[in-house]
Amino acid sequence: MPKSLTTRKSWWMGVLSAALLAGFSAGLSAQVSSYGDKETGQNTGDQLPQVLQKVAVTQHLNQALPAGAEFVDETGKTVHLSDYFGHRPALLSLVYFNCPMLCSEELDGMTSALEMVKLTPGKDFDVIIISIDPSDTPEAAAKKKAFYLKRYGRPETAAGWHFLTGQRPAIDAVTSATGFGYVRVPGPDGKLTQFAHASSLEVVTTDGKLAQYYLGVEYSPKDVLLGLIEASGNKIGSPVANILTYCYHYDPQTNKHSLIVARVVQFGGMVTMASLGGFMFLMFRRDLKLGREHDLTGSDTEKTDKG
């Protein structure tokens, strides 16, 4: 094989290895739990499972949050959303504190991103966590705050973290303004104690308007930093791709958890890996074939010259 073909072969092999490694890494990073823990819910054709028909995040950019919505913070103090407006931007997360899976992953992802953001909660921005479950208590909120503040590793920022509980009118006012859809679903005991919902993180401007949405359970520190900086100047961002990650619920009829995190990103990584691998394989075969033809041609030429 001539040097040029040998070089091309080595190049294709290198690219193929890099592509396969990148695709494999993407698949691993997108997987947020083991396969046995998560599986998509049943659906018909290209339709979402029925329980998810009302579960979505509709991006209401530039929408003002209800400043008068009343909640109770983790200390038991009555507060209003307006208490957190007018001074600095905020990150808003809608979860519930007894969520068995996705909510913790969302808060984990947010906290991990904030660890790499060179801004200080309570000084540069606020973190507002609101429970969508009216049965959640300030005690549960205090436990969640203590857990994530410890994980964040900066206890001096405690004043910038707010874990709020409230009643249905206030919760509905916030979820409606945010475009956060969710439905109650049965828990392990068959009672409606859990929620099917999507995962999202919102950036709120200094004057209390929705500036940016981040969907899923993993957030780019760079994007979060940029979103907070722009929101500090009351700038409104742009819509993002509406790829949702859904929470799951317990199905007492099948005695298993269903309707859980949809691995959209992981699937995309697998498709990319397969496509690149197939393309590289075909190109490698073509180069190999050309090399063999060249060898045969070279051998015939040598025989002719000797004759």
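Among the residues of this structure, S34 counts as one that is surrounded by fewer than 17 Cβ atoms within 10 Å (Cβ to Cβ), at pLDDT below 80, under 19 Å from the mean Cα position of the chain (by Cα) and part of a loop (DSSP other than H, G, I, E, B). Does E74 meet the test of being at pLDDT below 90, outside any helix (DSSP H, G or I) and surrounded by 15 or more Cβ atoms within 10 Å (Cβ to Cβ)? Against the criterion (at pLDDT below 90, outside any helix (DSSP H, G or I) and surrounded by 15 or more Cβ atoms within 10 Å (Cβ to Cβ)), E74 does not qualify.
Yes/no per residue for (1) outside any loop (DSSP other than H, G, I, E, B); (2) more than 27 Å from A196 (Cα to Cα); (3) not acidic (D, E):
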{"site": "D83", "(1), (2), (3)": "yes, yes, no"}
{"site": "F97", "(1), (2), (3)": "no, no, yes"}
{"site": "S104", "(1), (2), (3)": "yes, no, yes"}
{"site": "S112", "(1), (2), (3)": "yes, no, yes"}
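When every residue of the stretch 142-152 is checked against the conditions, none turns out to be aliphatic (A, V, I, L, M), over 20 Å from M101 (Cα atoms) and surrounded by fewer than 16 Cβ atoms within 10 Å (Cβ to Cβ). Within the stretch 196-217, the presence of a residue that is surrounded by fewer than 19 Cβ atoms within 10 Å (Cβ to Cβ) and closer than 16 Å to F97 by Cα is excluded. If you check A141, A173, A113, which single one turns out to be touching a residue at least 40 places away in the same chain (Cβ under 8 Å), out of contact with any strand residue (DSSP E or B) (no Cβ under 9 Å at 6 or more places or on another chain) and aliphatic (A, V, I, L, M)? One residue alone meets the criteria, A173.
Can you tell me which residue is surrounded by the most Cβ atoms within 10 Å (Cβ to Cβ) among those in the stretch 77-117 that are among the acidic types (D, E) and closer than 28 Å to V183 by Cβ?
Keep residues of the stretch 77-117 that are among the acidic types (D, E), which gives 83, 105-106, 108, 115.
Of the ones still in play, those that are also closer than 28 Å to V183 by Cβ are 105-106, 108.
Details: E105: 20, E106: 27, D108: 15.
So the residue we want is E106.
When the residues of the stretch 181-205 are narrowed to those that are of a type outside the set (V, I, T), at pLDDT 85 or above and outside any strand (DSSP E or B), which ends up nearest to the chain's Cα centre (by Cα)? Looking at the filtered set, the residue picked out is S199. Sort out which residues of the stretch 153-193 are within 25 Å of S112 (Cβ to Cβ) and either crowded, with 20+ Cβ neighbours inside 10 Å or not assigned by TED's automatic domain parsing to the domain that holds Y219 (or both), and write them in order of number. Result: G160, W161, H162, F163, L164, T165, V174, T178, F180, Y182.
Kindly establish whether Y96 is within 24 Å of the chain's Cα centre (by Cα), of a type in the set (F, W, Y) and under 18 Å from S200 (Cβ atoms). Step through it out loud before you land on a result.
Numbers: within 24 Å of the chain's Cα centre (by Cα): yes; of a type in the set (F, W, Y): yes; under 18 Å from S200 (Cβ atoms): yes.
For Y96, the condition - within 24 Å of the chain's Cα centre (by Cα), of a type in the set (F, W, Y) and under 18 Å from S200 (Cβ atoms) - is met.
The values are calculated or read from the model by the stated rules, or taken from the named source; none is laboratory data. Being a predicted model, the structure only gives us computed values, none of them experimental. Heads up, the Cβs are rebuilt from the backbone with ideal geometry, glycines too, and the neighbour counts pull from every protein chain shown.
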